[in-house]
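Before any comments, here is the structure.
We did not get these values from a lab; they are worked out from the coordinates using the rules stated. Every value quoted in this text rests on a predicted model; they were computed, and no experiment measured them. Note: ideal-geometry Cβ built from the backbone for every residue, glycine included; neighbour counts use all protein chains shown.
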Amino acid sequence: MPAQMRFRVYRYDPESGAKPWMRDYAIEFEPKGKKVLDALIAIKDTLDESLSFRRSCREGVCGSDGVNVNGRNVLACVTPLEGLAQPIEIRPLPRLGVVRDLIVDMEQFYRHYRAVKPYLVNLDPEPENERPQSPAERAELDGLWECILCGCCTTSCPSFWWNPDKFLGPAALLQGYRFIADSRDQATDERLDFLEDPYRLFRCHGIMNCVEVCPKGLNPTAAIGKIKSLLVKRAF
Amino acid sequence: MRRVGGSRRGLDMWLMQRASSIYMALFMPLFAIYVLAAPSLDYAGWRALFMPLGMKVAVLLCVLAVLLHAWIGLREIFIDYLHCARCLALRLFSYFAFATLYLACLVWTVDILWSVK
């Protein structure tokens, strides 16, 4: 007989005109070995088909099911149910507009991502095969390229909460540094020019919520620190 | 409206905050040890402590570091928390008001330190 689990889930339907509210669910569900996403799918299947949330790969690769579980930003698909205090409170990622239930509007997040030009800028003639890197140069990108843009870090950052339109946020800054650190990129100076701004970069106060919540174990604060070091090197 | 570019600023403030914190972290414990180790803290001892020019300058630099650090920190708080339609004026007023206040504190510190003769 599976145990009964209690959930409290954020609900919002813009078409109804009603304010957002928290709905309680109780479901017979064996938590052993299961993740939060499994429970959400079970609730949608058996209790409430109107519950809306994003998910795709359901194994921590696509980054589409970032939610706030018991006050912590996580990927629902890789967060074990075991050990979570009940009722398990599931809310959309903070500070972004809610489209419906747990689905947030990522436009602001992507706008910051686009702003750091997340692609290689190299004006040399295109080589026949590839642009080679030494193993050491390639190793510089470790801890940066793994980012899946789930938004857990940026939406847990108080600096982003206060200035979401101007502060790029940890995810975009990590991605910005990913291309600054790339030996094949030729736009370092322009990238640093863009980032050197009291809002875009310097709203980061080293709070490190981003490091705390990153489901891929990345360290945006360290990347931001490296951007600052490069700015200092360039200035003096 | 045209999108404005980056301001190419922020690095100086960030560096000054770092530098001032290093000075405070070095000077304050040393000063505390020096004062605690002093044989007596009567008027004569206190006066002897602040008589050398080196001590006056070191203390003045520490006060300068505290004020600079505080002003940059306040500026961060204003940028973080003061935003509304008319908050630009409030932010600028706050920057300048606190800059004036802290400069006055600095001048006052000079007056106090150099009054010890």
With contacts defined as alpha carbon pairs under 8 Å and 6 or more residues apart, what's the relative contact order of chain B in percent?
33 percent
Within chain A, which is the longest segment that contains none of the GluC sites (Glu not before Pro) sitting in a DSSP loop with at most 15 other Cβ atoms within 10 Å?
A:147-236
Only counting other Cβ atoms within 10 Å, I'd like B:C105, B:C62, A:C152 sorted with the fewest neighbours first.
B:C105, B:C62, A:C152
Checking the cross-link filter: which lysines have an alpha carbon closer than 22 Å to that of A:K34, excluding same-chain neighbours under 8 positions apart?
A:K44, A:K216
Hey, got the Cα dimensions of the protein assembly as shown along the principal axes, in Å, largest first?
85, 59, 45
Taking the Cα centre of the protein assembly as shown as the origin and placing charges on Cβ (Lys, Arg +1; Asp, Glu -1), which of B:I33, B:F50, A:G83 is farthest toward the positive end of the dipole?
B:F50
Residues other than A:G63 with Cβ under 12 Å of its Cβ, Lys/Arg counted +1 and Asp/Glu -1, net out at +1
Filter the trypsin sites (Lys or Arg not before Pro) in the stretch B:16-107 to those in DSSP coil with at most 12 other Cβ atoms within 10 Å of their Cβ, and list the result.
B:R86
Would you pull out the residues with amide H under 5 Å of A:K35's amide H, same chain only if 5 or more places away, H placed 1.01 Å from N?
A:L81
Please compute the contact order of the stretch A:99-236 in relative form: average sequence separation of alpha-carbon pairs under 8 Å and at least six residues apart, divided by the residue count, as a percent.
30 percent
Report the label-to-label distance for A:V232 and A:D24 in nanometres (one decimal), using points 7 Å from each Cα along the Cα→Cβ vector.
5.4 nm
Using only alpha carbon positions, build the gyration tensor of the stretch B:11-114, then give the equivalent ellipsoid semi-axes as the square roots of 5 times its eigenvalues, largest first, whole angstrom.
34, 15, 10
Roughly how many debye, to the nearest 20, is the charge dipole of the stretch A:4-104 about its Cα centre, given +1 on each Lys and Arg Cβ, -1 on each Asp and Glu Cβ, and no other charges?
360 debye
Taking the simple approach of a point 7 Å from Cα along Cα-to-Cβ for both B:S94 and A:V121, what is their distance in nm?
3.4 nm
Give the cross-link partners of B:K56 among the lysines, using a straight C-alpha distance below 17 Å as the criterion and excluding same-chain residues fewer than 8 apart.
B:K117
Express in nm, to one decimal, how much length is gained between B:A38 and B:C105 on full extension, taking 0.36 nm for each residue of separation and deducting their alpha carbon distance.
21.4 nm
Cysteines (scope chain A) whose Cβ has no counterpart Cys Cβ under 4.7 Å:
A:C77, A:C147, A:C150, A:C152, A:C157, A:C204, A:C214
Of the listed pairs A:K19/A:K166; A:K166/A:K228; A:K117/A:K226, which have alpha-carbon separations greater than 22 Å here?
A:K19/A:K166
Highest GNM mean-square fluctuation among A:L168, A:L141, A:L75, for chain A with Cα springs under 10 Å, belongs to A:L141
How do A:T188, A:T46 line up, fewest other C-beta atoms within 10 Å first?
A:T46, A:T188
Ellipticity estimate at 222 nm from DSSP helix runs (n ≥ 4, -39,500 (n - 2.57)) divided over the protein assembly as shown, nearest 500:
-15000 deg cm²/dmol
Within 10 Å of each residue's Cβ, count the other Cβ atoms and sort A:K34, A:K233 from fewest upward.
A:K233, A:K34
